Amino acid sequence: MNIALILSGGTGVRMGASLPKQYLEVNGRPMITFSLERLSLHKGIDAIQIAAEPEWQEQIEKWLVRYDPHKKWKGFSVPGENRQLSIYHGLEDIRSYGEDSDYVLIHDAARPLLSEKLITDCLEAVKGHDGVLPVLPMKDTVYASMDGKRISSLLDRSQIFAGQAPEVFRLGKYYEANRRLLPEDILKINGSTEPAILAGMDIAMVPGDENNYKITTQADLERFRASVGVCEE
């Protein structure tokens, strides 16, 4: 079974909006519903878990009526102190109905332009591995700085990649990788794949999607609004 975990617990403080960014309306629908609907419609996804603050859960249930056409939603998970702890809470809940041999696909509600192709590519690429990470190559020359003020060294950009979501992991192994980081080290994690790498899991790479960007700033939001408007014309 392939289970999607949608992370929707962020506050979106960098946006400066009155609502968390994943609940802002774009062309008449909340941002979270774009990836929710995509995952519900995908034949390779069997179930959906959503990590969201309790005060938003009732509203999300109303959106599910329309944007979860295949009725794959299983339940809510309470967000944690940081993104990785939210993932851990989601994994705990998923294990109540999933098997350790299942795969969990982790995606951000604030990445609304998730494509069917990327989901398919990730699910295909993970076969024979413990996990898979979609990546983008570095286009610019990359430098390292030890103090943030002066260049310390030049890095080989052919060996450096930017990670994206969705990341897919073998449920049992990934859960244990996160559990080992409790209670403090998990709060230092920035990327979903970090616990897997620290645990020595076999993580494959698959080409990412330039359009699968995360809405972080007002400029990102305007870019998304423009792209959705073009798609609907």
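Bear in mind that the values in this text are calculations on the coordinates, not laboratory data. Predicted model only: the values in this text are computed from it and were never measured. We place every Cβ from the backbone using ideal geometry, glycine too, and count neighbours over all the protein chains shown.
Here are the numbers for the structure shown:
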{"quantity": "Within-14-Å neighbourhood charge of Leu171 [Cβ basis; K, R +1; D, E -1]", "calculated": "-4"}
{"quantity": "Candidates Tyr23, Tyr97, Tyr213: whichever shows maximal mean-square fluctuation once the chain is modelled as a Gaussian network with Cα springs under 10 Å", "calculated": "Tyr97"}
{"quantity": "Subset of Lys43/Lys71; Lys21/Lys214; Lys72/Lys127; Lys173/Lys214; Lys149/Lys188; Lys21/Lys117 violating a 18 Å alpha-carbon distance limit", "calculated": "Lys72/Lys127; Lys173/Lys214; Lys149/Lys188; Lys21/Lys117"}
{"quantity": "Debye intensity ratio in log₁₀ form over the Cα atoms of region 102-233, taken at each q of 0.19 Å⁻¹", "calculated": "-1.18"}
{"quantity": "Distance from region 178-233 to region 122-138 (C-alpha centre basis), Å", "calculated": "13 Å"}
{"quantity": "Cβ crowding within 10 Å averaged over residues, with 57-66, 214-223, 84-93 ranked highest first", "calculated": "84-93, 214-223, 57-66"}
{"quantity": "Length released on extending from Gln159 to Thr120, taking residue separation times 0.36 nm less the Cα-Cα span", "calculated": "11.5 nm"}
{"quantity": "For the chain: relative contact order, % (alpha-carbon pairs under 8 angstrom, 6 or more apart)", "calculated": "23 percent"}
{"quantity": "Region 12-111 - Kirkwood radius from inverse mean 1/r over Cα pairs (Å)", "calculated": "14.2 Å"}
{"quantity": "Cβ-defined net charge surrounding Leu187, 15 Å radius [Lys, Arg +1; Asp, Glu -1]", "calculated": "0"}
{"quantity": "Summed residue charge, Cβ within 13 Å of Asn82's Cβ, Lys/Arg positive, Asp/Glu negative", "calculated": "-2"}
{"quantity": "Alpha-carbon Rg with Dmax, taken over the chain, Å", "calculated": "17.7, 54"}
{"quantity": "Loop-resident sites, region 154-200, for GluC sites (Glu not before Pro), counting at most 15 other Cβ within 10 Å (DSSP)", "calculated": "Glu184"}
{"quantity": "Computed FRET value (nearest 0.05) for Thr141 with Met1, which takes r as the C-beta separation and R₀ as 35 Å", "calculated": "0.20"}
{"quantity": "Projected label distance in nm at Asp202 and Asp185, using a 7 Å step from Cα toward the beta-carbon", "calculated": "2.3 nm"}
